[in-house]
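Written out below as structure tokens is the structure these notes cover.
The values are calculated or read from the model by the stated rules, or taken from the named source; none is laboratory data. Here the structure is a predicted model, which is why all the values come from computation and not from measurement. So basically every Cβ, Gly included, is an ideal-geometry build from the backbone, and we count neighbours across all protein chains shown. All accessible areas refer to the heavy atoms of the entire protein, side chains included, with ligands and DNA or RNA removed. Shrake-Rupley method; radii C 1.70, N 1.55, O 1.52, S 1.80 Å.
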Amino acid sequence: MEFEKVSEYIHELYKNKPFLSQHNYTSGMELQDYTPTVDDEAAAYLRLILKITQPKRILEIGTSVGFSTASMASVAKTYGGHITTIEFDEKVADQAEKNFLKAGLTAYITVKRGDAREILHDLTEPYDLIFQDVDKRLYPVLLNDCIRLLNKGGILLSDDALFPVFDMEEEWGHLVEPIRQYNEIVMKHPQLDSVLLPIGDGIMMSAKL
Ligand SMILES: C[S@@+](CC[C@H](N)C(=O)[O-])C[C@H]1O[C@@H](n2cnc3c(N)ncnc32)[C@H](O)[C@@H]1O
């Protein structure tokens, strides 16, 4: 089975699905220089997981311009969920907040500005779902705080889990080893039950036991 063929087929199928696409969300933005967001397939998966599990308290680590945040918020608003999202780059956080306002989603999102390491360390209230999408080198560093902050039965979704098998451009190469290490730790972790889903750039889905 060729992964590219699988991806093409899936994208073709999604074409007629009505949803907020990454292209539509980012076109017309003032800011052009930002870290890439999840793709449409991963966003569709995030929306579906929220529809099924209806987590009230959601934490996202790594906002960028807020495409994944807005995708989740478009569902969270239908059942009373709220998303807290963390970003340390002021320029992208400003753009994300403009995007949320334009999409009518501001009421369902709290943007926390600062370093995720410090913010996570200071958080105490538990979450039902955490979406990990920060600097990949921080995934292993932040894992203990993510587990501490998850309710029992809570879901941890970690993006870019398939980096170790992708042909990465040189500028992203340094992100492969932290993900490889993270995937191995997560799979063996006694407090987590995990599967790696080949959706988007790979989503590691874990439940806290
Ligand atoms: C991959 S992007 C997030 C994409 C977003 N989740 C989406 O799909 O729309 C990762 C973001 O994490 C931010 N980031 C990186 N290291 C951080 C840190 N230590 N604390 C807070 N944010 C950080 C980057 O500035 C970047 O905007």
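Between a first residue in the range 77-91 that is touching a residue at least 40 places away in the same chain (Cβ under 8 Å) and open to solvent by 20 Å² or more (accessible area, probe 1.4 Å) and a second residue that is within 12 Å of the ligand (Cβ to nearest atom) and of a type in the set (A, V, I, L, M, F, W, C), which pairs have beta carbons less than 9 Å apart while being 6 or more apart in sequence or on different chains?
91/31
I need the full set of residues from the range 89-128 which are closer than 21 Å to residue 54 by Cα, part of a helix (DSSP H, G or I) and of a type outside the set (A, V, I, L, M), in order please.
100, 106, 108
Only residues in the range 144-160 that are in contact (Cβ under 8 Å) with a residue 12 or more places away in the chain and closer than 12 Å to residue 193 by Cα count as the first member; pair them with residues that are assigned to a helix (DSSP H, G or I) and among the hydroxyl-bearing types (Ser, Thr, Tyr), Cβ under 7 angstrom, at least 6 apart or cross-chain, and list the lot.
Filtered contacts from the range 144-160: 155/53.
Residue 166 versus (1) more than 14 Å from the ligand (Cβ to nearest atom); (2) modelled with pLDDT under 95; (3) open to solvent by 80 Å² or more (accessible area, probe 1.4 Å): which is the lone unmet condition?
It is condition (3) that residue 166 fails.
Just for the range 25-78: of the residues that are in a helix (DSSP H, G or I) and among the β-branched types (Val, Ile, Thr), which one is farthest from the chain's Cα centre (by Cα)?
78
Which of the residues spanning the range 1-53 are among the charged types (D, E, K, R) and modelled with pLDDT of 95 or more? Step through it out loud before you land on a result.
First pass over the range 1-53, keeping only residues among the charged types (D, E, K, R): 2, 4-5, 8, 12, 15, 17, 30, 33, 39-41, 47, 51.
If the condition is that a residue be among the charged types (D, E, K, R) and modelled with pLDDT of 95 or more, then 47, 51 are the ones that fit.
Give the residues of the range 28-55 that are among the small types (Gly, Ala, Ser) and at negative phi, sorted by residue number.
Once the filter is applied, which keeps residues that are among the small types (Gly, Ala, Ser) and at negative phi, the range 28-55 yields 42, 43, 44.
Quick one: is residue 114 surrounded by fewer than 16 Cβ atoms within 10 Å (Cβ to Cβ) and at pLDDT 95 or above?
Taking the combined requirement at face value, the residue satisfies it.
If you go through the range 55-70 one residue at a time, do you hit one that is acidic (Asp, Glu), under 20 Å from residue 205 (Cβ atoms) and crowded, with 19+ Cβ neighbours inside 10 Å?
Checking the range 55-70: at least one residue is acidic (Asp, Glu), under 20 Å from residue 205 (Cβ atoms) and crowded, with 19+ Cβ neighbours inside 10 Å.
Specify which of the listed residues (78, 35, 53) is within 27 Å of residue 144 (Cα to Cα) and either away from the ligand (no atom under 12 Å from the Cβ) or of a type in the set (A, V, I, L, M) (or both). Talk me through it step by step, then tell me what you get.
Details: 78 fails: within 27 Å of residue 144 (Cα to Cα); 35 fails: either away from the ligand (no atom under 12 Å from the Cβ) or of a type in the set (A, V, I, L, M) (or both).
Exactly one of 78, 35, 53 is within 27 Å of residue 144 (Cα to Cα) and either away from the ligand (no atom under 12 Å from the Cβ) or of a type in the set (A, V, I, L, M) (or both), namely 53.
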